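Contents: one structure, followed by commentary.
The values are calculated or read from the model by the stated rules, or taken from the named source; none is laboratory data. Remember, predicted model here, so these are calculated numbers, not experimental data. In this analysis, Cβ positions are derived from the backbone assuming ideal geometry, glycine residues included, and neighbour counts consider all displayed protein chains.
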Amino acid sequence: MYRDILTICWSIKEVNKNLTDRKSTSDFSIRYLKNACSALAELMRKMSKTMPDEALSVVDKRGGTKSISLHDLSDMLYDPRKIVELNLIDNISRWARARMTA
């Protein structure tokens, strides 16, 4: 499951990076990002059921650290402002990579 999370995070980053390059596909890209974030939220919700006490340390844009449960994190993946403000995709990616190697 960690590999799936990493793959979705990678694809979100790539589509987001290319969003400004191709204006003609921006509507498709935005729909893709919404769907990918929803899929990621689903995976995180499944993980929260198997690991109810697991929390992710999230570093926000100001450098502050917050501890957020996986369930709360899955809800935040539907809010574009929270995704950007808390740098959620990078933080989830780091968490999943660390769990794979542990």
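Test E85 against the criterion of being under 13 Å from the mean Cα position of the chain (by Cα) and modelled with pLDDT under 90, and give yes or no.
Details: under 13 Å from the mean Cα position of the chain (by Cα): yes; modelled with pLDDT under 90: yes.
Considered against the rule, which asks whether it is under 13 Å from the mean Cα position of the chain (by Cα) and modelled with pLDDT under 90, E85 comes out as yes.
Taking the options A36, A96, name whichever one is in a helix (DSSP H, G or I) and closer than 16 Å to N16 by Cβ. Steps first, please.
Numbers: A96 fails: closer than 16 Å to N16 by Cβ.
Going through A36, A96 in turn, just one is in a helix (DSSP H, G or I) and closer than 16 Å to N16 by Cβ: A36.
From T101, T7, which residue is free of Cβ contacts under 8 Å to residues at least 60 places away in the same chain and loosely packed, with under 13 Cβ neighbours inside 10 Å? Before you say what the answer is, go through the steps one by one.
On the way: T7 fails: loosely packed, with under 13 Cβ neighbours inside 10 Å.
None of the others qualify; the one that does is T101.
Condition check: part of a helix (DSSP H, G or I), under 11 Å from the mean Cα position of the chain (by Cα) and on the phi < 0 side of the Ramachandran plot. Does S11 satisfy that?
On the way: part of a helix (DSSP H, G or I): yes; under 11 Å from the mean Cα position of the chain (by Cα): yes; on the phi < 0 side of the Ramachandran plot: yes.
Spelling it out, S11 is indeed part of a helix (DSSP H, G or I), under 11 Å from the mean Cα position of the chain (by Cα) and on the phi < 0 side of the Ramachandran plot.
When region 20-58 is examined, which residues are found to be surrounded by fewer than 17 Cβ atoms within 10 Å (Cβ to Cβ), touching a Leu at 6+ places or on another chain (Cβ under 8 Å), closer than 15 Å to I83 by Cβ and at pLDDT below 95?
Listed by number, the list holds a single entry, I30.
Checking Y78 against (1) within 12 Å of the chain's Cα centre (by Cα); (2) without any contact (Cβ under 8 Å) to a residue 12 or more places away in the chain: exactly one of these is not met. Which one?
For Y78, the exception is condition (2).
When residues of region 62-87 are filtered for being under 11 Å from A41 (Cα atoms) and in a helix (DSSP H, G or I), how many remain?
Residues in region 62-87 being under 11 Å from A41 (Cα atoms) and in a helix (DSSP H, G or I): 7 in total.
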